[in-house]
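Take a look at the structure below.
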Amino acid sequence: MDAELLEQAGLNQTQSRAYLALIAGGSLTPPQLALKIQITRTNAYEVLKQLVELELAVNAGTGAKLAYRPANPTVLEKLMEQKRTQIMTDENRLRSLMPQLMTYFYTYSEQPGVRFYQGKEGITKVYEDILRTRQPTYFLRSTADDKFMGAAFYDKFKLQRAKLGIKTIALTPDVPNVNHDPSIDEANLTHRIWFNPKLYDAPVEWNIYGNKVAILSFGEEALGTIIESPQIAGAMKQMFELMRRGLKTD
């Protein structure tokens with residue numbers, strides 16, 4: 001049995017070797033374990049204590065007859081679940097701190113953060129960032145989106161966006177292939193403002209969310225750009241509001 005497999009499950013190298021030695025030996029004293037995996041007796045006592053805390057080993061004696069035997073390896077599934085939960089907790093904590101961290105960064109930096117993405121895969125990463133940021137989104141749609149990414153992609157994206165509680169204000173060209181059912185928009189947490197498609201036919205989509213502005217260019221360019229800047233995002237939200245108030249469908 002390869003100890004590296006247990007390391008992938010979250011154990012360190014010594015813990016992995018010690019646990020496998022317990023399984024092979026059935027029951028070992030600390031001195032016996034020290035000999036088997038070639039560590040000091042002090043370290044043997046310590047690693048066995050760690051395995052007991054992890055519920056991967058149990059005491060099989062006391063005093064001079066102190067020994068340890070292995071626990072069922074199904075405990076590793078519990079450890080993986082705890083590790084997964086901790087990662088999710090840390091990710092949520094980082095996400096909640098990110099607006100403050102970005103504000104702090106821009107206080108001392110004149111350069112906005114800019115990321116570039118190419119191709120359909122790159123544009124997909126921009127949409128993933130919108131979901132990951134979980135902030136209300138201002139959205140100017142291009143009719144070129146479905147042709148490039150496919151309607152199924154956007155159906156899934158809108159469901160994911162709504163499930164995360166992301167509200168969307170959309171400026172949408174009034175074309176036949178776009179949803180006109182208000183109940184569907186309501187379910188998708190979307191407020192839509194229609195406009196004459198002749199007013200904007202560029203194959204470029206705009207998204208403003210949190211402190212970010214995402215520009216997606218479909219077609220031959222297939223380019224995505226994310227600009228992280230509170231100042232630029234704030235200005236774009238104001239421009240969006242100006243456009244929203246001025247657009248008409250006739």
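The values are calculated or read from the model by the stated rules, or taken from the named source; none is laboratory data. Please read these numbers as outputs of a predicted model, since none were measured by experiment. Neighbour counts run over all protein chains shown; Cβ positions are idealised from the backbone, glycine included. Accessible surface is based on the protein model in full, side chains and every heavy atom, while ligands, DNA and RNA are left aside. Shrake-Rupley method; radii C 1.70, N 1.55, O 1.52, S 1.80 Å.
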(message) What's the number of the only condition in (1) of a type in the set (Val, Ile, Thr); (2) at pLDDT 85 or above; (3) part of a helix (DSSP H, G or I) that THR103 fails to meet?
(response) (2)
(message) I'd like to know if the range 183-194 contains one or more residues that are within 28 Å of GLU221 (Cβ to Cβ) and open to solvent by 50 Å² or more (accessible area, probe 1.4 Å).
(response) yes
(message) Whether any residue in the range 209-225 is buried (at least 17 other Cβ atoms within 10 Å of the Cβ) and touching a Pro at 6+ places or on another chain (Cβ under 6 Å) is what I want to check.
(response) yes
(message) Residue under question is ALA57, and the condition is that it be under 30 Å from GLN86 (Cα atoms) and in contact with a Phe, Trp or Tyr (Cβ under 6 Å, 6 or more places away or on another chain); does it hold?
(response) yes
(message) Looking at the structure I just gave you, is LEU48 in contact (Cβ under 8 Å) with a residue 40 or more places away in the chain and in contact with a Leu (Cβ under 7 Å, 6 or more places away or on another chain)?
(response) no
(message) Just the residues that are over 18 Å from ARG244 (Cβ atoms) and open to solvent by less than 50 Å² (accessible area, probe 1.4 Å), please, taken from the range 167-182.
(response) VAL175, ASN179
(request) Write out, first by first residue and then by second, each pair whose Cβ atoms fall under 7 Å of each other, whose residues are 6+ apart or on separate chains, and whose first residue, in the range 172-194, is farther than 19 Å from THR143 by Cβ while the second is open to solvent by 70 Å² or more (accessible area, probe 1.4 Å). (result) LEU189/LYS167
(message) Of the residues TYR117, TYR127, only one is over 20 Å from TRP194 (Cβ atoms), open to solvent by less than 20 Å² (accessible area, probe 1.4 Å) and either modelled with pLDDT of 95 or more or in contact with a helix residue (DSSP H, G or I) (Cβ under 6 Å, 6 or more places away or on another chain) (or both); which?
(response) TYR127
